[in-house]
Amino acid sequence: MYALLILDMQVGLFHGPDKPWAGEALLNTLNSLLSKARKAGAPVFLARHVGPPGSPIESGSPLTQLVQELLLQGDEVVFEKSRPNAFAMTDLADRLKACGSPGVVIAGMKTQYCVDSTCRAARDLGFDAVLIADGHTCTDTPALKAENIVAHHNATLAGPFCRVVHAENWHF
């Protein structure tokens, strides 16, 4: 069974000074995915991005805590990562193999960093990667609006790096 992986839905990114595009819609989508995963008995993993000791996002910082709007039940696996790729320097691949997951359903933040890197890495490690088209976001950059960044990554990653599926069409 595919596992659900939600990336970096943490206070400092979601509730920071630069608001993510379509944030409320993303929360609804993520909570729907969490519900679907639970009903199917799929494993659920949540990554929190942390920085080095002394940084604003060091391990334990309030900025790295998961947002309270996620409807978690406490049986999810929450882990810390220090690289954009959620597999780098973590035991995520081993955990997925241990639960027999042939693939991972990826959602969360930020599209052009951790979502992109994790989608690409999953395939390299032999997992089928599924990106939820309406399940990831980011903030505007000086070069591009967040909506365009999301659309670009959905188009670019589809095929060689992952399957791109809308949340309503995904079943665990």
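Values in this text are rule-based calculations from the coordinates and carry no lab data. Computed from a prediction, not measured in an experiment: that's the story for all the values here. Here Cβ is always computed from backbone atoms with ideal geometry, including for glycine, and neighbour counts include all displayed protein chains.
Before moving on, here are some points about what is shown:
- Residue within the range 48-64 that is more than 17 Å from Gly12 (Cβ to Cβ) and touching a Cys at 6+ places or on another chain (Cβ under 7 Å) present: no
- Summed over the range 109-136, the residues that are surrounded by fewer than 22 Cβ atoms within 10 Å (Cβ to Cβ) and among the hydroxyl-bearing types (Ser, Thr, Tyr) give a count of 2.
- Residues in the range 137-166 that are buried (at least 19 other Cβ atoms within 10 Å of the Cβ), in contact (Cβ under 8 Å) with a residue 60 or more places away in the chain, in a helix (DSSP H, G or I) and not β-branched (Val, Ile, Thr): 1 in all.
- Of all residues in the range 82-94, none that is in contact (Cβ under 8 Å) with a residue 24 or more places away in the chain and surrounded by 15 or more Cβ atoms within 10 Å (Cβ to Cβ) has its Cβ atom under 7 Å from the Cβ atom of a residue that is assigned to a loop (DSSP other than H, G, I, E, B) and among the acidic types (Asp, Glu), 6 or more apart or on another chain.
- Residue check for Asp8: of a type in the set (D, E, K, R), in contact with a Ser or Thr (Cβ under 6 Å, 6 or more places away or on another chain), in contact (Cβ under 8 Å) with a residue 60 or more places away in the chain and under 23 Å from Leu131 (Cβ atoms): no
- Single unsatisfied condition, Glu58 versus (1) touching a residue at least 12 places away in the same chain (Cβ under 8 Å); (2) surrounded by 13 or more Cβ atoms within 10 Å (Cβ to Cβ): (1)
- On the stretch given as the range 92-122, residues that are more than 20 Å from Gln10 (Cα to Cα) and assigned to a loop (DSSP other than H, G, I, E, B) total 4.
- Qualifying positions in the range 38-78 - in a strand (DSSP E or B) and among the acidic types (Asp, Glu): Glu58
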